[in-house]
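Only one structure is covered here, and it is reproduced in the block below.
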Amino acid sequence: MKKVDQLVVPAQIKKSVEAGEKSENISASRKKHSKDHVDAINQMFAEFELSYHNQYHKAFPDEGALNLAKKYWLSSLASFPPELVLAATRELVLNQPFLPTIANVVDTCKSGVTLFGLPATHDAYLEACRMPTPKAAQSWSHPAVYMAGKATGWFELANQSEGQILPLFEYHYSQLSQRALQCEELSVKAPTPLPENLDKPLSSKENQSRLQELKANLKL
């Protein structure tokens with residue numbers, strides 16, 4: 001009896017642990033797909049239906065096939081911001097005569113920074129390197145370029161080779177691009193302009209006169 005108990009109990013524990021792990025995995029999977037992502041996928045498929053009516057209904061002939069496709073596309077595109085998914089959808093709808101594949105959407109999302117007015121990484125790097133000083137007073141193609149340059153270091157950009165400094169710039173620019181794609185407003189803080197009328201320094205004679213005046217007032 002003791003041997004049976006020793007075999008049964010671990011099996012029950014293992015089954016319970018596996019069930020718990022499975023439940024946790026399902027819960028985590030559900031959590032990572034936000035409502036905004038779900039809404040973006042639904043809107044994407046709605047736009048596909050309007051733009052590619054016959055192709056769309058041939059690809060998704062019934063509700064079961066459509067729901068399965070939506071779940072798969074949702075899991076495949078979850079790493080991209082919902083705003084980027086929608087921007088990529090509209091880019092494809094306007095320029096592609098055939099119903100896009102998931103690979104088309106992924107590729108468009110990967111190069112999608114241009115859809116938000118962000119230059120490509122290397123173009124942004126060259127802009128940051130070539131922009132004259134004062135940097136904050138210049139007209140930038142996008143604030144993310146300036147902010148990435150500042151985070152990388154203007155001295156480093158000017159004095160290190162592209163092979164040395166580009167990876168660091170690319171890291172900062174990627175982080176800032178993601179913030180821009182999340183619709184966060186980025187801005188360049190312009191330097192405070194100097195006043196139009198600057199006080200001229202006093203001459204030696206004027207300084208001496210004021211000193212004498214101060215002594216007289218203090219009765220020194």
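Readers should treat all values here as calculations from the given coordinates under stated rules, not as data from a laboratory. None of these values were measured; they are calculated from a predicted model. Here Cβ is always computed from backbone atoms with ideal geometry, including for glycine, and neighbour counts include all displayed protein chains.
When only Cα pairs below 8 angstrom with a gap of at least 6 residues are kept, the range 116-181 shows a relative contact order of 39 percent. For the range 31-110, lysine pairs separated by 8 or more sequence positions, or belonging to different chains, with Cα-Cα distances below 25 Å total 13.
If you plug the beta carbon distance of Gln175 and His53 into 1/(1 + (r/R0)^6) with R0 = 45 Å, you get a FRET efficiency near 0.65. Relative contact order of the range 31-110, taken over Cα pairs closer than 8 Å and 6 or more residues apart, is 41 percent. Once backbone amide H atoms are built at 1.01 Å from N, Gly153 has no partners under 5 Å, excluding neighbours fewer than 5 places away on the same chain. Translational diffusion coefficient of the range 96-143 (Stokes-Einstein, Kirkwood radius from Cα pairs, 25 °C, 0.890 mPa s): 190 µm²/s.
In the range 53-164, the ratio of gyration radius to Kirkwood radius, Rg to Rh, stands at 1.17 when only Cα atoms are counted.
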